[in-house]
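Inspection log for the structure reproduced underneath, given as structure tokens.
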Amino acid sequence: MAGLTISSFGKCTHAIVRAIPNSLGQLALRQEKGKELDLARAQREHELYIGVLKNKLGLQVIELPGDESLPDCPFVEDVAVVCEETALITRPGAPSRRKEVEEMKRALEDLQLNVVEMMDENATLDGGDVLFTGREFFVGLSKRTNQRGAEILADTFKDYAVSTVPVSNFLHLKSFCSMAGPNLIAIGSSEAAQKALKTMQQMSDHRYDKLTVPDDAAANCVYLNIPNKGHVLLHRAPEEYPESAKIYEKLKDHMLIPIANTELEKVDALLSCCSVLIYKKLEQ
Ligand code: GLY
């Protein structure tokens, strides 16, 4: 199994994001109907998120234009899985999201990554179901992601072990977990989240540290390893999830950046959903 990326886990030079179309308010997919979304506020929160990546962390941010015919298009994480120099363009589980891949493919090709497309019509995979730990992949088998999708991911990233985890109570695997550091899994407290963690622990020959937060949605954070800044963690703001924020605030080695994501959460999008993070070595 590869271990090459452990010391460089979270390193990142570029981020791909996509603007929020007006259609998102009414038409974005959501598990729970009837939650009113404040579109202007969602756009402000999204701009702040992009501003953090660009201005605070100094990433090169590629901002794809929103598309009114693709209301879920800002959730770029679902359409590409990037690891080292390879990018897998997914086949999203929701048919209404399939065309989102086109703009992403162009952006990844422009970055000269090795782009692989998931062409098999029996496969589905949303990037929100993919947890890369730096040592291995866990893939949630959910309403959006199937076994064939996980197999294609395993074929694409052959250096890494890939294990599957059943996900039933949530949209995606990363609806209740994420990496908060090179060896640290952030996990929600619900019974379903804890059960999924146990499954992951049983399937891995590595022992990860865990950071348990009271709120499942707050367990979705974004870890980066940035030169001159070190461990950086974007996590949900104390105004939204005060008890979970208190847990993050105990991470003394991390530069902590609280981010509000009140509106997009109403359409099941959490912090990691809105960016694809990429590390490109400088040309010699
Ligand atoms: N609204 C995000 C999704 O359902 O894919």
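Within the range 264-275, residues that are within 17 Å of LEU173 (Cβ to Cβ) sit with their Cβ atoms under 6 Å from residues that are at pLDDT below 95 and within 8 Å of the ligand (Cβ to nearest atom), at 6+ positions apart or across chains, in these pairs: ASP268/GLN31.
Inside the range 86-111, residues that are over 14 Å from ALA28 (Cβ atoms) and either within 13 Å of the ligand (Cβ to nearest atom) or at pLDDT below 95 (or both) make up a count of 4. Against the list (1) in a helix (DSSP H, G or I); (2) of a type in the set (D, E, K, R); (3) over 23 Å from ALA80 (Cα atoms), the condition GLU47 fails is (3).
One line per residue, one yes/no per condition, for (1) surrounded by fewer than 18 Cβ atoms within 10 Å (Cβ to Cβ); (2) more than 16 Å from the ligand (Cβ to nearest atom):
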position	(1), (2)
HIS14	no, yes
ALA19	yes, no
LEU53	no, yes
VAL79	no, no
LEU113	no, yes
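The values are calculated or read from the model by the stated rules, or taken from the named source; none is laboratory data. Owing to the predicted nature of the structure, the values given are computational and were not obtained by experimental measurement. Every residue, glycine among them, receives a Cβ derived from its backbone with ideal geometry; neighbour counts consider all protein chains shown.
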